[in-house]
Amino acid sequence: SDSSFFFAPLNNYNDIGQSFANSNYVVIRTFYKFDTSSIPDGATISQVNLKNVIWNDGSNTDFKVQIVKYNWASSEPFTDSVKRETAYDNCLSGTAEDSILIDTNGKLINTPYTSGNLDITRVSKTGNTYYCLRSSRDYSSDIPTGEENLQFKPPVLVVTYT
């Protein structure tokens, strides 16, 4: 089946990637919601970056972690399986930012990594700013031969404004 089957709220880490083991093909996409309502309405946003730390690298294949411009607010709560499925599907078909979060080739555990500059027009000054993450190999339909996943610590959205 190519559908979502569960969700896990953000705890001490979150996963991204895919795996194939024991005849099971698993794809993991991650969804982030940042409260950006404290940015003043009259502020001019000049830069946005996503910052994260790899907690565990369980991958035997390199891939890029893509940041997807997708406002999944209408899919909350994920406890509703239909809404969760909509978000899961739209993360795959959504438009990726021009900058990625990380290319896993040669990256180190417990080291902070910051994305390139993200689209500043996506930051909401009146509520939450939403993103999802997907593996570049998930997006290109490359079926894994083993583990291709990372575990991240909770992220930080860095917004620079005046």
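See the values below:
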item	result
Qualifying residues in the range 101-118 (those that are open to solvent by 40 Å² or more (accessible area, probe 1.4 Å) and modelled with pLDDT of 95 or more) - the one farthest from Trp72 (Cα to Cα)	Thr114
Output for the range 38-55, where each listed residue is open to solvent by 60 Å² or more (accessible area, probe 1.4 Å) and of a type outside the set (Val, Ile, Thr)	Ser38, Pro40, Asp41, Gly42, Ser46, Gln47, Lys51, Trp55
Only listed residue being modelled with pLDDT of 90 or more, closer than 26 Å to Glu76 by Cβ and under 20 Å from the mean Cα position of the chain (by Cα), chosen from Asp35, Asp15	Asp35
Strands (runs of 3 or more DSSP E) wholly inside the range 4-118 that include at least 2 residues being farther than 28 Å from Gly146 by Cβ	30-35, 45-57, 95-103
Pair list, Cβ < 7 Å and 6+ apart or interchain, from the range 11-24 residues that are over 15 Å from Tyr88 (Cα atoms) to residues that are in a strand (DSSP E or B) and of a type in the set (Asp, Glu)	Ser19/Glu147; Ser19/Glu148
First in the range 78-95 and exposed (fewer than 15 other Cβ atoms within 10 Å of the Cβ), second anywhere and at pLDDT below 85 and not in a helix (DSSP H, G or I), Cβ under 9 Å, 6 or more apart	Thr79/Phe7; Ser81/Ser3; Ser81/Ser4; Ser81/Phe5
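The values are calculated or read from the model by the stated rules, or taken from the named source; none is laboratory data. Computed from a predicted structure; not experimentally measured. Virtual Cβ from ideal backbone geometry, glycine too; neighbours counted across all protein chains shown. Just so you know, the surface numbers come from the protein's heavy atoms only, side chains and all, with ligands and any DNA or RNA stripped out. Shrake-Rupley method; radii C 1.70, N 1.55, O 1.52, S 1.80 Å.
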